[in-house]
Amino acid sequence: MKNYWKILYNGIVPGNPVFVLLLGMCATLGTTSSAYNGLMMGIATAVVLVCSNIVISAIKSLVPDKVRIPAFIVVIASFVTILQLVVNAWMPALNASLGIFIPLIVVNCILLGRAEAFASKNGVTASFFDGLGSGIGFTFALVLLGASRELLGTGKIFGATIFPEDYGMLLFVLAPGAFIALGYLIAIVNKIRKTC
């Protein structure tokens with residue numbers, strides 16, 4: 001059990017997909033105009049990551065090496081399709097907010113990377129913890145980036161007013177602000193990692 005916690009921790013801190021590995025940048029930069037959008041995109045990706053890791057680990061001995069990657073993509077795409085249908089049916093506002101980024105989870109390199117590097121080589125339980133750890137790490141990064149952009153751009157976090165919107169900087173709500181905020185967050189995370 002101790003080894004599972006190490007696998008879980010690895011995806012959150014030392015192997016964080018966004019701050020350390022710099023994976024999934026399309027979703028990271030495109031959906032984090034607010035903390036809520038970052039949270040929902042992170043949860044959606046984490047659910048697909050955990051489910052696809054479990055299935056890929058379970059079927060790894062049945063899939064020939066020649067079609068391994070296409071098979072993994074089909075598994076990931078199946079879960080993304082289910083997720084998109086659920087979000088479209090029960091959360092239309094979220095579907096409108098995240099838009100094209102929900103179907104683009106299929107090509108998020110975090111999912112295929114974890115499937116190839118971990119789930120295809122380890123058992124179901126370990127793959128579950130790997131997917132959960134990477135999903136939590138990705139969600140944490142998106143929420144942190146979204147919260148910082150929302151705070152600096154509008155003076156709010158999760159819609160709660162911290163300071164008047166008149167003092168916000170529109171730049172941080174727009175695309176260039178995503179790059180600036182992400183760069184500073186990566187620098188801060190690297191500084192903390194070096195001192196620990």
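Within segment 116-137, if we keep just the residues that are part of a helix (DSSP H, G or I) and hydroxyl-bearing (S, T, Y), the residue that is surrounded by the most Cβ atoms within 10 Å (Cβ to Cβ) turns out to be S134. Scanning segment 28-40 for residues that are open to solvent by 10 Å² or more (accessible area, probe 1.4 Å) and either without any contact (Cβ under 8 Å) to a residue 60 or more places away in the chain or within 10 Å of the chain's Cα centre (by Cα) (or both) turns up L39, M40. With respect to (1) in contact (Cβ under 8 Å) with a residue 24 or more places away in the chain; (2) of a type in the set (S, T, N, Q); (3) open to solvent by 70 Å² or more (accessible area, probe 1.4 Å), the lone exception for T161 is condition (1). Criterion first (in a helix (DSSP H, G or I) and open to solvent by 50 Å² or more (accessible area, probe 1.4 Å)) does L171 satisfy it? For L171, the condition - in a helix (DSSP H, G or I) and open to solvent by 50 Å² or more (accessible area, probe 1.4 Å) - is met.
Residue selection: I43 satisfies the criterion of being under 17 Å from I100 (Cα atoms), surrounded by fewer than 23 Cβ atoms within 10 Å (Cβ to Cβ) and modelled with pLDDT of 90 or more. Annotation note: of F79, F140, the sole residue that is at pLDDT 90 or above, closer than 28 Å to S57 by Cα and open to solvent by less than 60 Å² (accessible area, probe 1.4 Å) is F79.
The values are calculated or read from the model by the stated rules, or taken from the named source; none is laboratory data. The model shown is predicted, which means the values in this text are computed figures rather than measured ones. Quick reminder, even Gly has a Cβ in these numbers, built from the backbone with ideal geometry, and neighbours come from all protein chains shown. Keep in mind that these areas ignore ligands, DNA and RNA; they rest on the heavy atoms of the full protein, side chains included. Shrake-Rupley method; radii C 1.70, N 1.55, O 1.52, S 1.80 Å.
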